[in-house]
Amino acid sequence: MGTIYKVPMNTSSPRAAAPAFDAAQFRQALSQFATGVTVITTRLSDGSFRGLTASSFNSVSLDPPLVLWSLSDSANSMPIFTGNSHYVINVLAAGQAALAQRFASRGADPFADTEYELSRTGQPILAGAVAWFECHNRSRYPEGDHVIFVGEVEECAVHPQPALIFHGGRFGSTDQVE
(Lines give C-alpha, C1' and ligand atoms only; values in the text may rest on other atoms or scores of the structure.)
Protein backbone atom coordinates (compact mmCIF):
# COMPACT_ATOMS: atom_id res chain seq x y z
CA MET A 1 0.00 0.00 0.00
CA GLY A 2 1.27 3.47 -0.85
CA THR A 3 2.01 6.23 1.58
CA ILE A 4 -0.88 8.48 2.50
CA TYR A 5 0.17 12.08 2.93
CA LYS A 6 -1.77 14.41 5.15
CA VAL A 7 -1.62 17.93 3.81
CA PRO A 8 -3.06 20.65 6.01
CA MET A 9 -5.88 22.54 4.30
CA ASN A 10 -5.78 26.30 4.10
CA THR A 11 -9.03 27.22 5.79
CA SER A 12 -8.36 30.94 6.09
CA SER A 13 -10.57 31.73 3.08
CA PRO A 14 -14.07 30.18 3.14
CA ARG A 15 -14.65 30.83 -0.60
CA ALA A 16 -12.71 30.52 -3.83
CA ALA A 17 -11.35 33.65 -5.47
CA ALA A 18 -13.39 35.13 -8.33
CA PRO A 19 -12.57 33.40 -11.63
CA ALA A 20 -9.94 35.04 -13.83
CA PHE A 21 -11.71 33.91 -17.02
CA ASP A 22 -15.10 34.20 -18.71
CA ALA A 23 -17.70 31.48 -19.37
CA ALA A 24 -16.62 31.01 -23.00
CA GLN A 25 -13.00 30.35 -21.98
CA PHE A 26 -14.15 27.94 -19.28
CA ARG A 27 -16.34 26.01 -21.77
CA GLN A 28 -13.47 25.86 -24.26
CA ALA A 29 -11.10 24.53 -21.61
CA LEU A 30 -13.65 21.91 -20.50
CA SER A 31 -14.14 20.80 -24.12
CA GLN A 32 -10.53 19.59 -24.17
CA PHE A 33 -11.42 16.77 -21.81
CA ALA A 34 -12.66 13.84 -23.90
CA THR A 35 -15.72 12.19 -22.37
CA GLY A 36 -17.92 9.25 -23.10
CA VAL A 37 -21.47 9.95 -24.23
CA THR A 38 -24.51 8.61 -22.41
CA VAL A 39 -28.26 8.82 -22.72
CA ILE A 40 -30.10 8.74 -19.40
CA THR A 41 -33.56 7.18 -19.78
CA THR A 42 -36.53 6.73 -17.48
CA ARG A 43 -40.21 5.80 -17.54
CA LEU A 44 -42.92 8.09 -16.21
CA SER A 45 -45.92 6.94 -14.16
CA ASP A 46 -48.16 7.33 -17.25
CA GLY A 47 -45.96 4.80 -19.12
CA SER A 48 -44.23 7.31 -21.40
CA PHE A 49 -40.46 7.53 -21.65
CA ARG A 50 -38.04 10.42 -21.27
CA GLY A 51 -34.35 10.67 -21.93
CA LEU A 52 -31.50 13.10 -22.33
CA THR A 53 -27.90 13.09 -23.55
CA ALA A 54 -25.23 13.58 -20.89
CA SER A 55 -21.45 13.45 -20.90
CA SER A 56 -21.21 14.14 -17.17
CA PHE A 57 -21.02 10.50 -16.10
CA ASN A 58 -18.52 9.00 -13.66
CA SER A 59 -18.00 6.08 -11.30
CA VAL A 60 -18.13 6.81 -7.58
CA SER A 61 -17.83 3.57 -5.64
CA LEU A 62 -17.54 -0.20 -6.12
CA ASP A 63 -19.06 -1.09 -2.75
CA PRO A 64 -21.83 -0.15 -2.92
CA PRO A 65 -21.84 0.24 -6.72
CA LEU A 66 -22.44 3.98 -7.28
CA VAL A 67 -22.24 6.23 -10.34
CA LEU A 68 -22.99 9.91 -10.86
CA TRP A 69 -24.14 12.30 -13.55
CA SER A 70 -25.31 15.91 -13.49
CA LEU A 71 -28.19 17.93 -14.91
CA SER A 72 -28.65 21.66 -15.29
CA ASP A 73 -31.01 23.33 -12.81
CA SER A 74 -32.86 24.85 -15.76
CA ALA A 75 -33.44 21.55 -17.60
CA ASN A 76 -37.10 20.84 -18.37
CA SER A 77 -36.49 17.24 -17.33
CA MET A 78 -35.33 18.12 -13.81
CA PRO A 79 -38.70 17.27 -12.17
CA ILE A 80 -38.80 13.96 -14.05
CA PHE A 81 -35.40 12.78 -12.85
CA THR A 82 -35.77 14.09 -9.30
CA GLY A 83 -39.18 12.43 -8.99
CA ASN A 84 -38.48 8.97 -10.41
CA SER A 85 -37.07 6.11 -8.37
CA HIS A 86 -35.06 4.55 -11.24
CA TYR A 87 -33.27 5.44 -14.46
CA VAL A 88 -30.86 3.79 -16.90
CA ILE A 89 -27.53 5.23 -17.98
CA ASN A 90 -26.86 4.00 -21.54
CA VAL A 91 -23.22 4.32 -22.69
CA LEU A 92 -23.40 4.92 -26.43
CA ALA A 93 -21.47 3.02 -29.10
CA ALA A 94 -19.29 4.70 -31.74
CA GLY A 95 -22.03 4.59 -34.37
CA GLN A 96 -24.67 6.24 -32.18
CA ALA A 97 -23.82 9.95 -32.61
CA ALA A 98 -27.19 10.58 -34.30
CA LEU A 99 -28.91 9.00 -31.29
CA ALA A 100 -26.97 11.29 -28.94
CA GLN A 101 -28.04 14.31 -31.00
CA ARG A 102 -31.67 13.12 -31.08
CA PHE A 103 -31.81 12.89 -27.27
CA ALA A 104 -30.06 16.27 -26.94
CA SER A 105 -32.63 18.04 -29.15
CA ARG A 106 -36.02 19.41 -28.22
CA GLY A 107 -39.11 18.72 -30.23
CA ALA A 108 -39.84 15.29 -31.67
CA ASP A 109 -40.06 12.27 -29.37
CA PRO A 110 -36.55 10.75 -29.41
CA PHE A 111 -38.00 7.31 -28.65
CA ALA A 112 -40.19 7.34 -31.78
CA ASP A 113 -37.59 5.64 -34.02
CA THR A 114 -35.35 4.21 -31.32
CA GLU A 115 -34.97 0.52 -30.57
CA TYR A 116 -35.01 -0.36 -26.89
CA GLU A 117 -35.96 -3.07 -24.43
CA LEU A 118 -37.27 -2.70 -20.90
CA SER A 119 -35.31 -3.38 -17.74
CA ARG A 120 -36.79 -5.35 -14.86
CA THR A 121 -38.26 -2.10 -13.45
CA GLY A 122 -39.61 -1.01 -16.85
CA GLN A 123 -36.89 1.50 -17.74
CA PRO A 124 -35.82 1.79 -21.40
CA ILE A 125 -32.44 0.27 -22.30
CA LEU A 126 -31.24 1.53 -25.70
CA ALA A 127 -30.32 -1.09 -28.29
CA GLY A 128 -26.68 -1.12 -29.34
CA ALA A 129 -25.31 0.56 -26.22
CA VAL A 130 -21.77 -0.38 -25.15
CA ALA A 131 -22.94 -0.72 -21.55
CA TRP A 132 -25.91 0.20 -19.40
CA PHE A 133 -26.50 0.77 -15.71
CA GLU A 134 -29.95 0.53 -14.13
CA CYS A 135 -29.85 2.79 -11.09
CA HIS A 136 -31.94 3.50 -8.04
CA ASN A 137 -32.10 7.29 -7.68
CA ARG A 138 -30.12 7.27 -4.41
CA SER A 139 -29.28 10.94 -3.79
CA ARG A 140 -28.99 14.39 -5.33
CA TYR A 141 -26.66 17.27 -4.51
CA PRO A 142 -27.24 20.80 -5.79
CA GLU A 143 -23.93 22.41 -6.80
CA GLY A 144 -23.62 25.65 -8.76
CA ASP A 145 -26.09 25.63 -11.64
CA HIS A 146 -26.43 21.82 -11.73
CA VAL A 147 -27.71 18.93 -9.62
CA ILE A 148 -25.43 15.92 -9.18
CA PHE A 149 -27.39 12.65 -9.25
CA VAL A 150 -25.89 9.63 -7.51
CA GLY A 151 -27.35 6.33 -8.65
CA GLU A 152 -26.97 3.00 -6.90
CA VAL A 153 -26.50 0.43 -9.66
CA GLU A 154 -28.91 -2.49 -9.35
CA GLU A 155 -28.12 -4.11 -12.72
CA CYS A 156 -25.64 -3.52 -15.52
CA ALA A 157 -24.49 -5.12 -18.76
CA VAL A 158 -21.55 -4.76 -21.13
CA HIS A 159 -21.50 -5.21 -24.91
CA PRO A 160 -17.82 -4.62 -25.85
CA GLN A 161 -17.37 -2.48 -28.94
CA PRO A 162 -15.89 0.97 -29.67
CA ALA A 163 -17.61 3.69 -27.63
CA LEU A 164 -18.74 7.16 -28.68
CA ILE A 165 -16.66 10.03 -27.28
CA PHE A 166 -17.06 13.81 -27.32
CA HIS A 167 -14.07 16.14 -27.55
CA GLY A 168 -13.71 19.75 -28.67
CA GLY A 169 -17.38 19.94 -29.67
CA ARG A 170 -17.16 16.90 -31.96
CA PHE A 171 -17.98 13.22 -31.75
CA GLY A 172 -15.31 10.58 -32.12
CA SER A 173 -14.72 6.97 -31.22
CA THR A 174 -12.58 4.94 -28.87
CA ASP A 175 -11.48 2.79 -31.83
CA GLN A 176 -9.12 5.69 -32.59
CA VAL A 177 -7.40 5.25 -29.23
CA GLU A 178 -4.03 3.50 -29.34
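Results, tabulated for the structure shown:
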{"item": "Rounded D (µm²/s) - the stretch 63-135, Kirkwood Rh over Cα pairs, Stokes-Einstein at 20 °C, 1.002 mPa s", "result": "157 µm²/s"}
{"item": "Farthest positive-ward along the chain dipole, Cα basis, beta-carbon charges - from 45, 162, 31", "result": "31"}
{"item": "Sequence of 89, 165 from largest to smallest accessible area, 1.4 Å probe", "result": "165, 89"}
{"item": "Accessible-area order (highest first, 1.4 angstrom probe) of the listed residues 120, 15", "result": "15, 120"}
{"item": "The chain - percent of accessible surface contributed by carbon and sulfur, probe 1.4 Å", "result": "54 percent"}
{"item": "Percent RCO, i.e. relative contact order, over the stretch 48-177, from Cα pairs under 8 Å lying at least 6 residues apart", "result": "29 percent"}
{"item": "Correct choice for Rg/Rh (Cα atoms, Kirkwood Rh) that was computed from the model, options (i) 0.98; (ii) 0.93; (iii) 1.00", "result": "(iii)"}
{"item": "Total charge dipole magnitude, the chain, about the Cα centre, Cβ charges on Lys, Arg, Asp, Glu only, Debye to nearest 20", "result": "440 debye"}
{"item": "Mean-position separation - Cα centroids, the stretch 31-51 and the stretch 52-70, in angstrom", "result": "12 Å"}
{"item": "Label-point gap, in nm, between residue 21 and residue 108 - each point 7 angstrom along Cα→Cβ", "result": "3.7 nm"}
{"item": "MRE, 222 nm, helices only [DSSP H, n ≥ 4, -39500 (n - 2.57), over the chain, to nearest 500]", "result": "-3000 deg cm²/dmol"}
{"item": "Loop-located chymotrypsin sites (Phe, Trp or Tyr not before Pro) in the stretch 9-103 whose Cβ has at most 12 other Cβ within 10 Å (DSSP)", "result": "21, 33"}
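The values are calculated or read from the model by the stated rules, or taken from the named source; none is laboratory data. Not measured: the values here are computed from a predicted model. Quick reminder, even Gly has a Cβ in these numbers, built from the backbone with ideal geometry, and neighbours come from all protein chains shown. Only protein heavy atoms, including side chains, enter the accessible area calculation; ligands, DNA and RNA are left aside. Shrake-Rupley method; radii C 1.70, N 1.55, O 1.52, S 1.80 Å.
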